[in-house]
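Everything below concerns the one structure shown next.
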Amino acid sequence: MSYANILVSVDFAEAAADRVRLAAALARRFDATLTGAAAAEVPAPLFAHDIRDAQAQYERTKAKILQELERVEAVFARCAGAAPRTAWSGGTDRPFAHLVERGRAADLLVVGGTAETEIDPSPFGVALGPVLMEAGRPVLVVPPETSREPGRRIVVAWKDTPEARRAVSGALPFLRSADRVFLVTIGEDAQLEGAEEVAAHLILHGAAATTHLLTATVSDGAEILRFAHEQQADLIVMGAYGHSRLQEWAFGGATRSILAASTICCLMAH
């Protein structure tokens with residue numbers, strides 16, 4: 001298994017350029033096509049004299065968004081030079097909905113943001129919650145001010161759940177090429193989570209995996225981050241846990257705390 005198509009979210013945020021360069025470096029590593037994606041929804045006119053006026057206002061707003069999309073595409077083109085092949089997908093839809101839709105033809109999604117990003121921060125910014133929970137693909141979350149290509153020293157936060165299983169499966173191209181893979185479990189029942197079996201499975205895939213039993217003193221999220229920094233890890237792999245709340249996604253405790261505090265890239269799956 002490898003990544004043949006990597007999809008990266010592009011916007012006007014300061015961190016967008018580094019995110020695209022990081023995604024381009026990954027595309028080069030895995031010989032993948034890098035597709036940039038951006039979208040903004042055309043709002044319905046609030047005040048209009050009649051249907052013709054409303055349609056005219058809509059078309060003017062849409063034209064402005066299409067012009068802005070050309071600028072966003074230019075950011076992608078300028079920063080994606082390391083990728084062996086590139087493609088572009090712009091749209092007039094909600095940003096996260098466009099990314100989730102295009103994700104059906106991608107092996108990995110690359111986005112920016114933290115757990116605090118529950119709404120779109122800009123016309124082209126992507127809300128992280130619905131992307132993680134609805135994409136059905138592994139999602140690489142790149143924290144702000146992070147440009148280091150991840151995947152040499154990886155911490156897998158293991159819990160025997162469908163989310164964690166999908167995250168490990170989705171991260172196999174990273175895990176197989178990593179220098180070290182630290183598979184960690186936390187808590188009194190951690191020995192029942194099958195970490196040794198998972199490590200043996202990863203070793204069969206060529207990963208240099210070892211298991212580690214941790215005890216959380218503050219929270220599971222804080223302990224995972226402490227261990228990751230101690231091991232000089234550059235990637236955390238874990239399940240993304242959350243639930244729907246009033247048509248929005250609310251993250252689980254460990255997912256939220258890691259996304260909010262991590263300066264390390266996180267590869268997650270729901």
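The values are calculated or read from the model by the stated rules, or taken from the named source; none is laboratory data. All figures in this text were calculated on a predicted structure; none of them were measured in a lab. When we count neighbours, we look across all protein chains shown, and the Cβ atoms used for this are built from the backbone with ideal geometry, even at glycine. The protein model used for the area step is the full one, side chains on, heavy atoms only, and it has no ligands, DNA or RNA in it. Shrake-Rupley method; radii C 1.70, N 1.55, O 1.52, S 1.80 Å.
With one equal scatterer per alpha carbon and no solvent term, the Debye-computed log10 I(q)/I(0) for the chain at 0.09 1/Å reads -0.42.
How much length is gained on full extension from Leu213 to Ala261, taking 0.36 nm per residue of separation minus their Cα-Cα distance? Present the calculation step by step, with values, prior to reporting the outcome.
Details: separation 48, 0.36 × 48 = 17.28 nm, distance 2.19 nm.
Taking Leu213 through Ala261 to full extension adds about 15.1 nm, to one decimal.
When only DSSP loop residues count, what GluC sites (Glu not before Pro) in region 1-60 have their Cβ near at most 13 other Cβ atoms within 10 Å?
On the way: sites: Glu14, Glu41, Glu59; in loops: Glu14, Glu41.
Passing sites in region 1-60 are Glu14.
Per residue, the Cα convex hull of region 105-235 amounts to 125 Å³.
Quick one: accessible area per residue over the chain, 1.4 Å probe, rounded to a whole number of Å²?
Numbers: 12920 Å² over 270 residues.
So the chain comes to 48 Å² accessible per residue, rounded to a whole number.
Taking Cα centroids, how far is region 46-110 from region 180-215 in Å? If you average the Cα positions of each part, the centres end up 41 Å apart. Charge tally around Ala32: other residues with Cβ under 11 Å, Lys/Arg +1 each, Asp/Glu -1 each, net +1.
Seen from Pro84, the other residues with C-beta closer than 14 Å to its C-beta sum to a net charge of +2, counting Lys and Arg as +1 and Asp and Glu as -1.
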